[in-house]
Amino acid sequence: MIENRKIDLGGENIVATILFSDIRNFTSMSEKMSPEEVVSMLNTYFSYITEPIMQNRGVINKFIGDAVMAIFTPHLGSENHVEDAINAALGMRAKLQELNSSGQLKYPVQFGVGLNSGDLVAGNIGTEKRFEYTVIGDTVNVASRMESLSKQLGHDIILSMSTVDLVSTELKSALQLEKSDPVQIKGKSEPASVFKLIGRNENNGWTGASGVAH
């Protein structure tokens, strides 16, 4: 937007993978802490878990309390947006484990991450005096639902069927995915299966688009 030197309140259709993440049981945790401790904890937590997002060509769209919303799209430099988002989610898991082991937090933190891919509308939403570049549409809503399902399914990273359908054969063989029984997704008429991202098959030897082993 800065390079283009223009403000356009219109929108455009793009393809992206959306990632939502939030802290489990944040409300009950924050009740045991002072406001200063909550802010300090959140800032430390965000400094850890947002690093893999940026390293994998994701754009942090917004912080919503204890939640993070990130966009991976060719439109913003992520040509392999599904691969980048999955690598980011796995990196976030590793960084959270590192943070919990560091002794910096008063209480250990758990999170849920949800990914969904598809078409959406991107643009500067708001007025000429106050707006933000963001994305809207069903793809975003379902990504948020995936994050919510992570608690229901008892697993930290959940991928939608739409995301898994776009995973390359090479990457799919390198990942451990567990398909769920059909679950009801809020806003959808029919139950659908989703996938738990267990981790990587370490002996696969897969390298990502950058040619660097993951």
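Residue ranges 81-94, 98-111, 178-191 sort as 81-94, 98-111, 178-191 when ordered by packing (mean number of other C-beta atoms within 10 Å per residue, highest first). Just the protein heavy atoms count here, and of the accessible area of the stretch 14-105 at 1.4 Å, carbon and sulfur take up 51 percent. You can think of it this way: the chain between K32 and F131 has 32.1 nm of extra reach, that is 0.36 nm per residue less the Cα-Cα gap. Taking the chain as a Gaussian network of alpha-carbon nodes connected by springs under 10 Å, the highest mean-square fluctuation of the residues T127, T139, T169 belongs to T127. Think of each Lys and Arg Cβ as +1 and each Asp and Glu Cβ as -1; about the Cα centre, that makes the dipole of the chain roughly 300 debye.
Listed by chain and number, the lysines whose alpha-carbon sits under 24 Å from that of K129, ignoring those within fewer than 8 places in the same chain, are K6, K62.
The values are calculated or read from the model by the stated rules, or taken from the named source; none is laboratory data. Just so you know, these numbers come straight off a predicted model, no measurement behind them. Note that each Cβ is placed from the backbone with ideal geometry, even for glycine, and that neighbours are counted across all protein chains shown. Remember, those area values only see protein heavy atoms, side chains included, never the ligands or the DNA or RNA. Shrake-Rupley method; radii C 1.70, N 1.55, O 1.52, S 1.80 Å.
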